[in-house]
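K.L.:
Have a look at this one before I ask anything.
Nothing in this text is a laboratory measurement; each read-out follows from the coordinates by a stated rule. As the structure is a prediction and not an experimental result, all values here were calculated from the model. Neighbour counts are summed over all protein chains in view; Cβ atoms, including those assigned to glycine, are modelled from backbone coordinates with ideal geometry.
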Amino acid sequence: MRESTYSQLKDLILTGQLRPSERLSEVTLAKRFGVSRTPLREALMKLEEEGLIVGQRNFGYTVTDLDVTKFCNLLVVREALDVCAAQLACEVASEEDLDRLRDVIAQMVELKDTTNKTPSDAARNLDLGLYIHRVIVESTRNEALVRVTDQVYQQLRLALWLEVLWVDLEHTDLDEHRAIADAICARDREAAALAARAHVQSSLKNMSKLQRIWAHRRAAD
């Protein structure tokens with residue numbers, strides 16, 4: 001019950017049906033999903049751990065706001081982690097790991113060729129983007145790096161979702177991901193580091209666009 005409620009709530013947030021800064025009524029949500037308060041609260045706690053909602057004493061939960069400064073700070077940390085992972089992967093990734101990288105790129109190409117630019121396509125694009133970074137960091141065999149990277153990516157998920165949905169409508173990140181994957185498959189540490197850094201720098205530039213779009217949407221409400 002908790003997992004179903006969690007998944008439905010997460011989808012509402014990531015598809016924009018529950019908007020940044022929106023207050024979440026436990027009573028309303030419990031009725032909407034047909035669940036008791038206990039599984040609902042467990043789902044809300046899990047979403048809070050992932051950084052998608054924020055809990056406040058005597059106020060309840062709200063969807064995480066678009067704090068662009070916070071997201072930019074996290075992206076700086078992400079850049080260091082991604083560069084480290086890409087370089088380590090060049091050294092220790094197995095041939096099986098490299099095959100997984102190539103497979104994800106193939107899925108990205110297929111999605112770009114068939115996309116209708118719908119929210120579901122954007123969600124799929126984000127999932128693949130997150131997955132390829134997961135494949136890279138797992139290929140390092142460094143559990144500490146995997147753990148810290150997971151924590152940073154969870155806190156960035158809302159920003160990355162809105163970036164894909166509102167800014168990167170043409171899925172231009174495919175070329176960036178392909179550059180990273182190609183460098184790792186060639187075991188070229190320098191090229192992998194440059195590609196990983198350029199990819200995060202692209203997201204940093206998109207954050208300013210995201211902030212302008214969000215300000216316009218709020219003004220229109």
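K.L.:
List the chymotrypsin sites (Phe, Trp or Tyr not before Pro) within the range 1-95 that DSSP assigns to loop and that have no more than 11 neighbouring Cβ atoms inside 10 Å.
P.N.:
Working: sites: Tyr6, Phe33, Phe59, Tyr61, Phe71; in loops: Phe59.
Here the chymotrypsin sites (Phe, Trp or Tyr not before Pro) that fit, given the DSSP loop and packing criteria, are Phe59.
K.L.:
Quick one: 3J(HN,Hα) in Hz for the range 147-162, Karplus 6.51/-1.76/1.60 with θ = phi - 60°, rounded, Gly and Pro as x.
P.N.:
Per-residue couplings from phi come out as 5, 5, 4, 4, 4, 5, 5, 4, 6, 8, 4, 4, 5, 5, 5, 5 Hz.
K.L.:
Please determine, in degrees from 0 to 90 and to the nearest 10, the orientation of helix 37-49 with respect to the longest principal axis defined by the Cα atoms of the chain, where the helix direction is its Cα long axis.
P.N.:
40
K.L.:
So which trypsin sites (Lys or Arg not before Pro) in the range 42-134 are both in a DSSP loop and have at most 14 other Cβ atoms within 10 Å of their Cβ? Don't skip to the end; give the middle numbers.
P.N.:
Values: sites: Lys46, Arg57, Lys70, Arg78, Arg100, Arg102, Lys112, Lys117, Arg124, Arg134; in loops: Arg57, Lys117.
Those that pass, being in a loop and sparsely packed, are Arg57, Lys117.
K.L.:
For the chain, what is the mean residue ellipticity at 222 nm derived from helices alone (per DSSP H run of n ≥ 4: -39500 (n - 2.57); sum divided by total residues; nearest 500 deg cm²/dmol)?
P.N.:
Values: 9 runs with 164 residues, N = 221.
Calculated from helices alone, the mean residue ellipticity at 222 nm is -25000 deg cm²/dmol.
K.L.:
Express in nm, to one decimal, how much length is gained between Glu49 and Asp113 on full extension, taking 0.36 nm for each residue of separation and deducting their alpha carbon distance.
P.N.:
On the way: separation 64, 0.36 × 64 = 23.04 nm, distance 3.51 nm.
The Glu49-Asp113 span can extend by a further 19.5 nm.
K.L.:
Restricting the calculation to Cα positions, tell me the Rg (one decimal) and the Dmax (whole number) of the chain in Å.
P.N.:
Calculated on Cα positions, Rg and Dmax stand at 18.3, 55 Å.
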